Amino acid sequence: MSELTPNPAFMHRCLELAALGRGRVGNGALVGAVLVRHGKIIGEGFHAAYGEAHAERALLDAFNGQVLPEDVLYVNLEPCCHQGKTPPCTNILIERGVKTIVYGMVDPDPRVTGKGIAHLIQSGVKVVGPFDRELCENLNKGFIQVRKNQRPYITVKKAVSSDGKIANHDGSPMKITSKEQDTWSHRFLRARHDAILVGVGTVITDNPQLNIRFDQTNDISLMEGLNRNIFRSKNSIQPYRVILDPAMKISLDAKVVSDAQASRTILCVTPEAADREQGKVAVLQKRGVRIVRIPLQGDHFDWEALWRALITPVEDYHGLTSILVEGGEKTWEVFKKAGFMNEEVILTGKLFKDLP
Ligand SMILES: NC(=O)c1ccc[n+]([C@@H]2O[C@H](COP(=O)([O-])OP(=O)(O)OC[C@H]3O[C@@H](n4cnc5c(N)ncnc54)[C@H](OP(=O)(O)O)[C@@H]3O)[C@@H](O)[C@H]2O)c1
């Protein structure tokens, strides 16, 4: 068989397709696949929702034609070889006669790493990869973090004036960032995380919406090459909003628990507060707010219990893999002290004294 030189354009298309599953695949992986014949894509598929067909299966289920020996299937994650919520992908690939596969990264779950590849090779499939691994791992950094460390990928974001302030002296909110910075952070931070997290202090002082809002008028110029589609469209699902509120101080009028997206809010409270505030719990649950009971360890939630509650699927909740921590100060401090920070993004505004 002649040597195959993988084409990055096909792996990039896999990543574009994979990103369409953001917010829908729960704690699962973002995966896209394309079938290539003589340099052209003839079939596409992606992991569209938690518990539904994986990308390779979705592609082959939708592809009515015959797979030919010269066809090459690209997929950004090693095909699975175990029975999970869906049957193993390696089986359908072998059954349908796929002879060459280019994959982007190995499955990070230590229990399955390399097994899918081994199964394919044993069955006579030519397997090439990992190819464009860094890009593939970047898209699935949340999935990798959860599978390896049982906690979400955490990005901490701060808006700081040029002279280092984050709010007015009396704690009242201060608009620090420009419209352009806000658009950037909605598009490239909020839209690329499964959840936005704040402490209850920020909800009380700022009453934020914590959702994705940006003007897409100029999207075409910003959607060059790989960036196209790698964020959510306006109609796609909003990230979860996670509020750390041990004493359940939140007002029933706060936007995050009273707007049309209330069912995307997860309110973390202590078991004692939930028992004490049963009336409030009932009202919030009726609105679809997810109330999670987490015990305290010292002055903060028990981390292991918090991560378990956020990453574990329960009934219609399918878990999450990445969190954008937006504040405020006390919350940043607790995360920093505990070492739960994979990335930190600081948006610098004007000098505090010049801000309106
Ligand atoms: N410039 C920016 O980027 C930015 C962003 C957001 C907010 N802000 C500003 O920050 C200020 C609010 O900050 P803040 O420090 O007062 O409040 P905060 O960090 O929003 O909320 C702090 C409270 O959240 C709870 N909490 C946070 N982490 C917790 C954990 N790990 N476990 C349990 N509970 C936890 C605690 O509630 P309890 O007190 O009930 O224990 C804590 O006192 C506002 O002025 C806001 O405008 C600025």
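For segment 123-179, taking the residues that are of a type in the set (D, E, K, R) and away from the ligand (no atom under 16 Å from the Cβ), the one that is surrounded by the fewest Cβ atoms within 10 Å (Cβ to Cβ) is identified as E134.
Only residues that are assigned to a loop (DSSP other than H, G, I, E, B) and within 22 Å of the chain's Cα centre (by Cα): list them for segment 44-73, please. Of everything in segment 44-73, those that are assigned to a loop (DSSP other than H, G, I, E, B) and within 22 Å of the chain's Cα centre (by Cα) turn out to be H47, A48, A49, Y50, G51, E52, A53, H54. Scanning segment 74-84 for residues that are modelled with pLDDT under 95 and over 21 Å from the mean Cα position of the chain (by Cα) yields C81, H82, Q83. When the helices (runs of 4 or more DSSP H) confined to segment 255-311 are screened for residues that are more than 16 Å from the ligand (Cβ to nearest atom) and without any contact (Cβ under 8 Å) to a residue 60 or more places away in the chain, those reaching at least 2 such residues are found at 278-286.
Checked against (1) closer than 30 Å to N76 by Cβ; (2) of a type in the set (S, T, Y); (3) assigned to a helix (DSSP H, G or I), T155 passes all but a single condition, namely (3).
Out of the residues in segment 85-137 that are among the hydroxyl-bearing types (S, T, Y) and modelled with pLDDT of 95 or more, which is nearest to L60 (Cα to Cα)?
In this case the residue turns out to be T100.
In the condition set (1) away from the ligand (no atom under 15 Å from the Cβ); (2) touching a strand residue (DSSP E or B) at 6+ places or on another chain (Cβ under 6 Å), T183 is compliant with all but (2).
The values are calculated or read from the model by the stated rules, or taken from the named source; none is laboratory data. None of the values given here were measured: they were computed from a predicted structure. All Cβ positions, even for glycine, are placed from backbone atoms using ideal geometry, and neighbour counts span all protein chains on display.
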